[in-house]
Amino acid sequence: MRLPGFPRRSIATRLFLTAAALSSVVLLVASVFFTAYYRREAEEIFERRLDVYLRAIVADVSESGQEGRTGPGQLGDPQFELPGSGWYWQITRMDGAAHEIKASRSLFAERLPKLSDLGVPAEIGGSRRGYALGPDGRRLRIVERVIDAGDTGIYLVQVAASSEEIEEQIARFRFELIVAFATLAIALAMVAAFQVRFGLRPLRQLQRELVLIRRGERDRIADAYPSEIAPLADELNLLISANRDILERARTQVGNLAHALKTPLSVMMNEADAAPSALADKVSEQARIMRDQISFYLDRARAAARGGALGAATPVAPCIEALLRAFTKIYNGRGVAFSSEIAQDARFLGERQDLEEMIGNLLDNAGKWAHAQVSIAVRVESSTCGAGRGALTVVIDDDGPGLARHLRAQATERGRRLDETKPGSGLGLSIVVDLAAAYGGALELDDSPAGGMRATLRLPGF
């Protein structure tokens, strides 16, 4: 049961939204993972460059006894010669009292902080590596190592570079990753939509076959369905067969009951007529009332059974055209003309004889009261109850005297005649009301634009 306030969403929408949500989560997690992996790789490559410079300076200090290289070509990177370039090296003598410092020209008059003073632990081999703020406020990646050059002294060799280069690489990688994953997400959404549509195709086919059964164009569901839906189709076929069997038994029982009751009543009426008396006349009168009541309610029961049958569908146009030909001949002497406007695709979910009885009674009533014109219009409208059904609406107008609003309810009462000058038993409109109700429809009486009465019959369509 759908909760109030929550929209009803199709299975296709649920599957698509689920696939889209899961794909988005997977892509988000993947983007975080790949970004972290790329950052680690970028930092390792960056540190390998710093290690190369560090080893070059250490080798020079160890072998030559000098504090460091001075020419820009000695380290192979001119950025060490540009002031404020973000690439620095520094050599600090640790065993001297004055702690002599030799630095790259890029440091100008500034100095690099020591990682040992910042609490960075030494790695195996005595080297340290970490982040620290440089002299110009930049975040630097620093690699340092203490070497013992023997008689020439003990030195702290440092090589540093701004981490902006790493961040720029990561930012470019993140942008390219977002573009790639966004494209992938769109592709996955298209694939998911196609997969859902393709996967639910058997359900749509099942729906179409049920519509054909309801229209009476097919008597069972085909067997060619996937293994997941085939049991459902089989159960529906069994349900349809069981429905037909129940209705057939109901019709048989109704017919048997009618025959069993009418025969004794006929005998009672014949016996009463054979011996006239006050008692016999009363018995005959009541027996005829009982016979009429039995016929009326048995006919209503049969209509209700037919109304619930699957596959009972009647084309409306041929039925009404045959009725119009008959009533044209009947009322031709009074000069009453019949016109029609019928939707050719209109179908009634019921049996032809019930449709003929309802519309025939309405046309007959309109023909009796019309001065010169009776019109009938049949249209198919979309149903407000959903379920893919339509509503069949039959509108009959005449140009007669019409009927007062307070008398319309009385006109549909069984056996009630508002004018004894017109032929008939007074059962016509009540029969229409009962038959329409048996099929889930209704009859409405209103004023006609032609000046007489309008009868609107609403019945289930297809």
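The values are calculated or read from the model by the stated rules, or taken from the named source; none is laboratory data. Keep in mind that what you see is a predicted model, and the values were worked out from it rather than measured. Because the Cβ atoms are built from the backbone with ideal geometry, glycine has one as well, and the counts that use them run over all protein chains shown. The accessibility values were calculated without ligands, DNA or RNA, using every heavy atom of the protein model including side chains. Shrake-Rupley method; radii C 1.70, N 1.55, O 1.52, S 1.80 Å.
Open to solvent by 80 Å² or more (accessible area, probe 1.4 Å), modelled with pLDDT under 80 and within 22 Å of Glu168 (Cβ to Cβ), is that true of Pro78? Judged against the criteria, Pro78 is a match. Within region 113-136, residues that are free of Cβ contacts under 8 Å to residues at least 24 places away in the same chain have Cβ atoms under 9 Å from residues that are hydroxyl-bearing (Ser, Thr, Tyr) and part of a loop (DSSP other than H, G, I, E, B) in these pairs: Ala122/Ser116; Arg128/Ser116, counting only partners at least 6 apart in sequence or on another chain. Tell me, please, whether a residue that is modelled with pLDDT of 85 or more, in contact with a Leu (Cβ under 6 Å, 6 or more places away or on another chain) and in a helix (DSSP H, G or I) can be found in region 38-54. The answer is no; no qualifying residue exists. Can you find a residue that is under 40 Å from the mean Cα position of the chain (by Cα), farther than 30 Å from Pro460 by Cα and part of a helix (DSSP H, G or I) anywhere in region 199-212? Yes.
Conditions (1) of a type in the set (S, T, N, Q); (2) at pLDDT below 85; (3) open to solvent by less than 20 Å² (accessible area, probe 1.4 Å), marked per residue:
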{"position": "Arg128", "(1), (2), (3)": "no, no, no"}
{"position": "Gly137", "(1), (2), (3)": "no, yes, no"}
{"position": "Val143", "(1), (2), (3)": "no, no, yes"}
{"position": "Ile154", "(1), (2), (3)": "no, yes, no"}
{"position": "Ala160", "(1), (2), (3)": "no, no, yes"}
{"position": "Glu165", "(1), (2), (3)": "no, yes, no"}
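This table checks each residue for (1) surrounded by fewer than 17 Cβ atoms within 10 Å (Cβ to Cβ); (2) among the polar types (S, T, N, Q); (3) closer than 16 Å to Met453 by Cα; (4) modelled with pLDDT under 90.
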site	(1), (2), (3), (4)
Arg352	yes, no, no, yes
Leu363	no, no, yes, no
Leu392	no, no, no, yes
Leu407	yes, no, yes, yes
Gln410	yes, yes, yes, yes
Asp419	yes, no, yes, yes
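Would you call Ala343 at pLDDT below 90, in contact with a strand residue (DSSP E or B) (Cβ under 6 Å, 6 or more places away or on another chain) and among the hydrophobic types (A, V, I, L, M, F, W, C)? Taking the combined requirement at face value, the residue satisfies it. Scanning region 213-257 for residues being in a helix (DSSP H, G or I) and within 29 Å of Arg347 (Cβ to Cβ) gives a total of 27. Of the residues making up region 257-271, those that are among the polar types (S, T, N, Q) and either within 49 Å of the chain's Cα centre (by Cα) or under 13 Å from Ile294 (Cβ atoms) (or both) are Thr263, Ser266.
Residue-by-condition table, conditions (1) assigned to a loop (DSSP other than H, G, I, E, B); (2) at pLDDT 80 or above; (3) under 16 Å from Arg145 (Cβ atoms); (4) open to solvent by 60 Å² or more (accessible area, probe 1.4 Å):
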{"residue": "Gln74", "(1), (2), (3), (4)": "yes, no, no, yes"}
{"residue": "Trp89", "(1), (2), (3), (4)": "no, yes, yes, no"}
{"residue": "Thr92", "(1), (2), (3), (4)": "no, yes, yes, no"}
{"residue": "Ala97", "(1), (2), (3), (4)": "yes, no, no, yes"}
{"residue": "Lys102", "(1), (2), (3), (4)": "no, yes, yes, yes"}
